[in-house]
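Enquirer: Let me begin by handing over the structure; questions about it come next.
The values are calculated or read from the model by the stated rules, or taken from the named source; none is laboratory data. This structure is a prediction, so every number in the text was calculated from the model and none was measured. Here the Cβ is made from the backbone with ideal geometry for all residues, glycine too, and neighbour counts use every protein chain on show.
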Amino acid sequence: MTPAEPIPASSATAAISVVCLCAGWCTTCQAYGTTFAQLARDWPQVRFAWIDIEEHSDALGDAALDIENFPTVMVLRGARPLFFGTILPHAGTLARLVQSAVEGGATQAVDADGQALAAPVAALLAQGVGGVGTGAAA
């Protein structure tokens with residue numbers, strides 16, 4: 001489920017993107033939407049996007065099939081993944097990841113699945129999928 005409220009648009013050329021890879025049926029994702037939307041308002045210089053992995057399974061490819069736990073988050077600088085993994089659905093957890101990315105830090109080594117998923121996620125963002133800058137799903 002997408003965050004309920006529109007998120008203020010940030011620059012379409014923001015270097016950092018934070019993507020929640022979710023599933024429409026996931027109640028944890030539905031509950032996390034409000035938290036995600038609030039963080040997007042707190043970080044207007046960062047792109048936030050909400051991508052349903054089932055709705056966009058063709059574009060995401062086989063790497064998306066390995067996502068079994070939610071919320072799964074990808075943090076990108078351009079098309080380069082800085083973080084990929086399941087996180088606790090708490091604002092503080094994601095805020096620390098965003099802070100690290102904004103400060104120029106790599107937040108963790110990204111595994112092969114995350115590396116494989118980065119290009120299709122970046123391509124979807126470039127197409128405006130996931131409500132880049134608005135938090136609403138497309």
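Enquirer: Taking the condition of being in contact (Cβ under 8 Å) with a residue 60 or more places away in the chain and either surrounded by fewer than 13 Cβ atoms within 10 Å (Cβ to Cβ) or under 15 Å from the mean Cα position of the chain (by Cα) (or both), how many residues in segment 56-70 meet it?
Expert: Adding up the residues that qualify gives 2.
Enquirer: Name the single residue, out of those in segment 79-94 being out of contact with any helix residue (DSSP H, G or I) (no Cβ under 6 Å at 6 or more places or on another chain) and in contact (Cβ under 8 Å) with a residue 24 or more places away in the chain, that is nearest to S17 (Cα to Cα).
Expert: Residue satisfying both the conditions and the ranking: R80.
Enquirer: Here's a follow-up. Answer yes or no as to whether G135 is modelled with pLDDT under 90, buried (at least 21 other Cβ atoms within 10 Å of the Cβ), not in a helix (DSSP H, G or I) and not hydroxyl-bearing (S, T, Y).
Expert: Here the answer is yes, as G135 does meet what is asked.
Enquirer: For segment 24-67, which positions are assigned to a loop (DSSP other than H, G, I, E, B) and of a type outside the set (D, E)?
Expert: Hits for segment 24-67 are G24, W25, C26, W43, P44, Q45, V46, I53, H56, G61, I67.
Enquirer: Being at pLDDT below 90 and of a type in the set (V, I, T) is the filter; apply it to segment 103-130 and report the residue that is surrounded by the fewest Cβ atoms within 10 Å (Cβ to Cβ).
Expert: T107
Enquirer: Exactly one condition in (1) over 17 Å from C29 (Cα atoms); (2) without any contact (Cβ under 8 Å) to a residue 60 or more places away in the chain; (3) not charged (D, E, K, R) is not met by L76; state its number.
Expert: It is condition (2) that L76 fails.
Enquirer: Let me ask something else. Among (1) in a loop (DSSP other than H, G, I, E, B); (2) of a type outside the set (S, T, N, Q); (3) buried (at least 19 other Cβ atoms within 10 Å of the Cβ), where does L88 come up short?
Expert: With (1) in a loop (DSSP other than H, G, I, E, B); (2) of a type outside the set (S, T, N, Q); (3) buried (at least 19 other Cβ atoms within 10 Å of the Cβ) applied to L88, the lone miss is (3).
Enquirer: So, one more: Since I7 meets every condition but one in (1) under 21 Å from S100 (Cα atoms); (2) at pLDDT below 90, which condition does it not meet?
Expert: (1)
Enquirer: Right, next: Are there any pairs, at least 6 apart or on different chains, whose C-beta atoms fall under 8 Å, with the first in segment 18-42 and free of Cβ contacts under 8 Å to residues at least 40 places away in the same chain and the second part of a strand (DSSP E or B) and of a type outside the set (S, T, N, Q), and if so, which?
Expert: Close Cβ pairs satisfying both conditions: G24/D52; G33/W50.
Enquirer: Now for a different question. Of the residues C20, C26, only one is at pLDDT 90 or above, surrounded by 13 or more Cβ atoms within 10 Å (Cβ to Cβ) and over 15 Å from the mean Cα position of the chain (by Cα); which?
Expert: After ruling out the rest, the residue left standing is C26.
Enquirer: Which ones in segment 42-55 are within 14 Å of A23 (Cβ to Cβ) and surrounded by fewer than 19 Cβ atoms within 10 Å (Cβ to Cβ)?
Expert: E54, E55
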